[in-house]
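Beneath this line is the structure, given in structure tokens, with notes to follow.
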Amino acid sequence: MNRQQKIAWFNLIVVLTALTLSGIAIAVLAFGVGLPLHRATAGFGFIGIVGLCGLSPVLFRKEKGQVELDERDLSIHKKASLAAYSIFWLLFVLAAMIPFFILGPKGTISVRYLPAMVFGGMIIVMLVQSIVTLEEYGWRNKGEKS
């Protein structure tokens, strides 16, 4: 398994763990404790765990004496990035335009939704990029040395 695969697996596990913990926290706060749903969204605090993805280049350093990326790796990285940002842009435009069509041109939206759009976009990019990277490499180690 090469460095890019390890980083993709790490990011995928971290993001899915953060989303799962957030979902559980919201469910417990809303249904277990009885908080109103707008207060129960405090469970999204677990999304902060996604910050650990910033450590992936440090955790999976380039080994000395090895070629870090060849043409195939660069092609896979390019495809994964293109897919991730294409999906992000589509969802970002939908998130911006759907309220316009529902509320009309004179409708207003609170600014508290803007950070959700930013962090949601970041999560979408990391998820899609990791999934496409793993898909292009074949999800497993195929006879390569670790």
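We did not get these values from a lab; they are worked out from the coordinates using the rules stated. Computed from a prediction, not measured in an experiment: that's the story for all the values here. Cβ: placed from backbone, ideal geometry, glycine included. Neighbour counts: every protein chain shown.
Dividing the Cα radius of gyration of region 1-144 by its Kirkwood radius returns 1.07 for Rg/Rh. Among the GluC sites (Glu not before Pro) in region 56-146, those placed in a DSSP loop whose Cβ has at most 14 other Cβ atoms within 10 Å are 63, 68, 144. In a Gaussian network model over the chain where Cα atoms closer than 10 Å are linked, find which of 13, 49, 98 has the largest mean-square fluctuation. Checking each option, the largest mean-square fluctuation is seen for 98. Annotation note: chymotrypsin sites (Phe, Trp or Tyr not before Pro) in region 103-141 located in DSSP loop regions with a Cβ neighbour count of at most 14 within 10 Å are 139.
Each of 95, 119, 105 was scored by the projection of its Cα onto the charge dipole of region 33-124, and the greatest displacement toward the positive side belongs to 105; charges sit on the C-beta of Lys, Arg, Asp and Glu.
With loop membership from DSSP and a limit of 11 other Cβ atoms within 10 Å, the longest segment of the chain without trypsin sites (Lys or Arg not before Pro) is 1-60. Between residue 20 and residue 96, full extension at 0.36 nm per residue minus the direct alpha carbon distance yields a gain of 24.8 nm.
For the options 48, 34, 120, a Gaussian network treatment of the chain with springs between C-alpha atoms closer than 10 Å singles out 34 as fluctuating the most. Potential lengthening of the chain between residue 71 and residue 31 amounts to 9.3 nm, from the contour at 0.36 nm per residue minus the alpha-carbon distance.
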